[in-house]
Amino acid sequence: MNIIYKSVAFTAVALALASCSKHDMFDDNFQLGDAVPTVYWEVGSSACKAGDEFTFKGTYYTEKGATPDHSEVWYSVTRAESAAATVKLAGSLSYTQTEAKTDVVRPTIPVVSFPHSMAEFDAANNQFVLNATVGTSSTLSPVDWVNPKEWDQEKFQSYYPAGFDTEFCDKVVEYLTKDSTYYSSLRTVYINYPFTNEQFAEANNVCGTNLPTNIGEEEGSDISAEKSDLWYATTEADPAKIVGYYYTTIDGDGRTIIHEVAKDYVNPDVNLWPVYDSAPWVFCRYNDDTGSIISTVRANYMPAFKYLISKISFPEWIYDSANQNYAVTFGRTYSLEAQFRVYDTAGNEGIASDIRTISIN
């Protein structure tokens, strides 16, 4: 008995040839009234290890006057990929960027052929039965890259779509600096990321701000603690902490405009609310809407922080210091969409209507 295996190599030539041919459900010479083999099949398992064989049982018969010649198993290969990354540097900011795609990397083509002589005749059901196996390629092994301890830029570039890291960083920077929604997260980045005094000076020069540039100059100083002390704000309504006042107006577009004034400002026509002691880049004030003290980054300082955090690389954003790994998750799996076909000596083709999905593991 001769089992003929078709080429399953994933080469550019094979893919090009396969993509140029269309395999119709019926032969080009098929005419209405032609008797085709009647075919059914089932597989032993819906999962198979890459490089192993999956078993199947095929049954078929032909109309009177037709003679079976051989059978074939055809299949296409589908690849499914998912990629994700999660920011870990920014404290309470919870952001995960994901990508997913599924594509057919090889169209449906014949993989293996079985001579009719391999089938046994089932007299009770007046049909032929073929029990056989079909091979798979070891190149279809799943790929998993999850929370690596060491960063591998080559793997990242081979697994993730181009521009994923840039889009991720841009989105994180946008979340942190478009307003003060993530005020505490921006403060966390300022404290925990090892910005240099030179970078602070550069940001001041570019943005016209006055961020401290002498951090950690004392020997043995705790830089994170020092930066935490520098970024401070009043949290309780202490009259001794009031450094000024503010009032609000509404402009022609319905926007609230804040007017900050000195402690000795007097205007009986407006409601004055206290401004409290804080870092120069923090606007710490009583908010009548919330009935509490709130803190935001002053608008003239936000460009400086945006300038600074735009220097942070993708691996630095996703490094999980608590677990000492990088918060990326990539997975690639393959599956087969398989068909069973039987041909008679006249070239008529019968195709099992059931397409069997085989997951490769």
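The values are calculated or read from the model by the stated rules, or taken from the named source; none is laboratory data. Since this is a predicted model, take the numbers as computed values, not measurements. All Cβ positions, even for glycine, are placed from backbone atoms using ideal geometry, and neighbour counts span all protein chains on display. Side chains are part of the model used for accessible areas, which takes the heavy atoms of the whole protein and leaves out ligands, DNA and RNA. Shrake-Rupley method; radii C 1.70, N 1.55, O 1.52, S 1.80 Å.
Okay, here's what the table says:
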read-out	value
All positions within the range 240-254 that are more than 17 Å from ASP288 (Cβ to Cβ) and either under 46 Å from the mean Cα position of the chain (by Cα) or exposed (fewer than 11 other Cβ atoms within 10 Å of the Cβ) (or both)	ALA240, ASP251, GLY252, ASP253, GLY254
Test: residue in the range 105-113 that is hydroxyl-bearing (Ser, Thr, Tyr), closer than 30 Å to TYR193 by Cβ, open to solvent by 30 Å² or more (accessible area, probe 1.4 Å) and touching a residue at least 40 places away in the same chain (Cβ under 8 Å)	no
Qualifying residue in the range 119-138 (condition: of a type outside the set (Gly, Ala, Ser) and within 21 Å of the chain's Cα centre (by Cα))	no
Subset of the range 203-246 [free of Cβ contacts under 8 Å to residues at least 60 places away in the same chain, assigned to a helix (DSSP H, G or I) and in contact with a helix residue (DSSP H, G or I) (Cβ under 8 Å, 6 or more places away or on another chain)]	SER224, LYS227, SER228
Matching strands (runs of 3 or more DSSP E) fully within the range 94-152 where at least 3 residues are within 17 Å of ARG341 (Cα to Cα)	96-115, 127-135
In the range 167-215, the residues that are exposed (fewer than 14 other Cβ atoms within 10 Å of the Cβ), within 17 Å of MET302 (Cβ to Cβ) and more than 32 Å from the chain's Cα centre (by Cα)	ASN205, VAL206, GLY208, ASN210
Pair list, Cβ under 6 Å, 6 or more apart: the range 161-172 residue outside any helix (DSSP H, G or I), other residue open to solvent by 70 Å² or more (accessible area, probe 1.4 Å)	PRO161/GLU99
Tabulated pairs, the range 128-152, first within 30 Å of VAL112 (Cα to Cα), second open to solvent by 70 Å² or more (accessible area, probe 1.4 Å) and of a type in the set (Phe, Trp, Tyr), C-beta under 7 angstrom, 6+ apart or interchain	PHE128/TYR61; PHE128/PHE121; GLY135/TYR5; THR139/PHE10
